[in-house]
Amino acid sequence: MGDPMMMSATTEWPAIEPRRSASPGIDLWAQPGGSARGDRKDVETSELVLIVDDDPDLLDVTSFVIEIEGMAVETARDGEEALARLRAGNLPRLVLLDLMMPVMNGWEFLDEVAKDPVLKAIPIVVLTAAEPAEIPGALDVLSKPMDLTVLLRVVERYVRGDR
């Protein structure tokens, strides 16, 4: 066999695509006759969570944990992208929002949401590395790094009404 670094340019490598920002209504985990993972609950698309954060690792981990619990997830990397998703009409049951992002930060996003009667009805939970404080427009504030058990409890409370 040869050195993998010396393989010809015609060698085809399988494409690896991230599972971020799924189109509305598409279940990336759906498998005929069952789920992709034996212990994963079926995804309920009416239980959509929008995660807004510029950290790709946080998006991946948080999405995975929420999807494992059977909820659908969409992601956005900044407030502007999140607003575009919301205004496209597939409204989530909950928005998890970082405050410090490029393009449009979480504070600017909260200001825009407050101006729209439809969007301001969506629960927003802020995820921040800053000192937790009361944030106008947010129902809850969670500190980063997050305890995933606490995160799931909060998500389920707002998405499923579990108290």
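What about L86, is it within 23 Å of R153 (Cα to Cα) and not charged (D, E, K, R)? Spelling it out, it is not the case that L86 is within 23 Å of R153 (Cα to Cα) and not charged (D, E, K, R). The set of residues in the stretch 100-122 that are closer than 18 Å to V155 by Cβ and in contact with a helix residue (DSSP H, G or I) (Cβ under 9 Å, 6 or more places away or on another chain) comprises G106, I122. Name every residue in the stretch 60-87 that is within 9 Å of the chain's Cα centre (by Cα), surrounded by 18 or more Cβ atoms within 10 Å (Cβ to Cβ) and of a type outside the set (G, A, S), in order of residue number. Correct list: T62, I66, V73, E74, T75.
Can you tell me which of (1) modelled with pLDDT of 90 or more; (2) surrounded by fewer than 12 Cβ atoms within 10 Å (Cβ to Cβ); (3) in a loop (DSSP other than H, G, I, E, B) is the one T149 doesn't meet? T149 satisfies all of (1) modelled with pLDDT of 90 or more; (2) surrounded by fewer than 12 Cβ atoms within 10 Å (Cβ to Cβ); (3) in a loop (DSSP other than H, G, I, E, B) except (3).
The values are calculated or read from the model by the stated rules, or taken from the named source; none is laboratory data. This is a predicted model, so every value here is computed, not measured. Glycine gets a Cβ as well: all are built from the backbone with ideal geometry, and neighbour counts include every protein chain shown.
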